[in-house]
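K.L.:
Submitted below is the structure of interest, expressed as C-alpha cells.
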C-alpha cells in the first residue's frame, strides 16, 4: 500500500494525558498537512510542512499542540494535557511539489478523551 | 459567514436519479477547487478537481463560476454506492491548506 498511513487508528486517553500520533506520507510527496475533523463538520486545517519546515499553523493549534517533521518524511502530532474538546478525528494528508495540486488523506486517528 | 458553504442535506434520491450539489466560497482569490467524497467514518477521498471550463468524469460533472464564487457537482444515473458525504473544497493559496465545506450528505435508495 503506497498511500498515506497513520498510527494509531484509534486512541482513548484520559483528560490531562499526552498523546502522540504519527503520519507517513506518500513517499514522493514533500508536503504534509494535519487536519482535525469533528462529527458533522468538514476537516479543519491545523498545520502544514514543506519538507522539514513547518510553514503555516492555524490559530486552532493551541500551545498544547506541537507537530514535527524532523527528516522531511514522517510527521508526529503531539497533544499535551488533553481536554475533552480535543476528541476528534485527526487527519494527515500529503501532496507532491507544485502549485494547485491535490492532497491525499490518510485513514485518520480517532481520538477520544474521557 | 463560513468560508465554504454547502447545504448539509440529506439529499434522498432513488437509483438512477440525477442530483446536483452547490457550494459557495467567500475568498475571491481562491486558486483551486475540488470535490472530495467521504464515506462514514472514513477519510476524505478526492473525487475530482474543478476547472474553470467545467469538467466531466463519467457520471460526474463539476462546474466553477468564479464571478459568482459558486461551485457545483452533478451526478447522473445515481448508484447505491454514491451514498456518501460530498465535501466542497477550496484552496485559497497555492500549495497551502484546504478549506472544506461542511459537506452534503447523499443517500441513494433502491
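The values are calculated or read from the model by the stated rules, or taken from the named source; none is laboratory data. Just so we're clear, the structure is a prediction, and the values are computed from it rather than from any experiment. Cβ sites come from the backbone with ideal geometry, for glycine too, and all protein chains shown count toward neighbours.
K.L.:
Select from the stretch B:49-78 the residues that are in contact with a strand residue (DSSP E or B) (Cβ under 6 Å, 6 or more places away or on another chain) and over 20 Å from residue B:103 (Cβ atoms) and list them in ascending order.
P.N.:
Passing the criteria: B:52, B:54, B:55.
K.L.:
If a residue has to be surrounded by 18 or more Cβ atoms within 10 Å (Cβ to Cβ), outside any strand (DSSP E or B) and in contact (Cβ under 8 Å) with a residue 12 or more places away in the chain to count, how many in the stretch B:1-58 make the cut?
P.N.:
Of the residues in that region, 1 qualify.
K.L.:
Would a scan of the stretch A:34-45 turn up a residue that is in a loop (DSSP other than H, G, I, E, B), more than 14 Å from the chain's Cα centre (by Cα) and within 19 Å of residue A:3 (Cα to Cα)?
P.N.:
no
K.L.:
A further question follows. Can we say residue A:82 is surrounded by 14 or more Cβ atoms within 10 Å (Cβ to Cβ), in contact with a strand residue (DSSP E or B) (Cβ under 9 Å, 6 or more places away or on another chain) and modelled with pLDDT of 95 or more?
P.N.:
Numbers: surrounded by 14 or more Cβ atoms within 10 Å (Cβ to Cβ): yes; in contact with a strand residue (DSSP E or B) (Cβ under 9 Å, 6 or more places away or on another chain): yes; modelled with pLDDT of 95 or more: yes.
Yes: the conditions hold for residue A:82.
K.L.:
Whether any residue in the stretch A:95-109 is modelled with pLDDT of 90 or more, surrounded by fewer than 13 Cβ atoms within 10 Å (Cβ to Cβ) and either outside any strand (DSSP E or B) or over 14 Å from the mean Cα position of the chain (by Cα) (or both) is what I want to check.
P.N.:
no
K.L.:
Tally time: how many residues in the stretch B:72-95 are farther than 17 Å from residue A:43 by Cβ, under 11 Å from the mean Cα position of the chain (by Cα) and surrounded by 19 or more Cβ atoms within 10 Å (Cβ to Cβ)?
P.N.:
Final tally of qualifying residues: 2.
K.L.:
Among the residues of the stretch A:72-89, are any within 25 Å of residue B:2 (Cβ to Cβ) and within 11 Å of another protein chain (Cβ to nearest Cβ)?
P.N.:
yes
K.L.:
Additional query: Considering only residues that are more than 10 Å from every other protein chain (Cβ to nearest Cβ) and not in a loop (DSSP other than H, G, I, E, B), look in the stretch A:24-33 and name the one that is nearest to residue B:99 (Cα to Cα).
P.N.:
Looking at the filtered set, the residue picked out is A:32.
K.L.:
Examine the stretch B:38-47 for a residue that is on the phi > 0 side of the Ramachandran plot and more than 14 Å from every other protein chain (Cβ to nearest Cβ), and state whether such a residue exists.
P.N.:
Within the stretch B:38-47, not a single residue is on the phi > 0 side of the Ramachandran plot and more than 14 Å from every other protein chain (Cβ to nearest Cβ).
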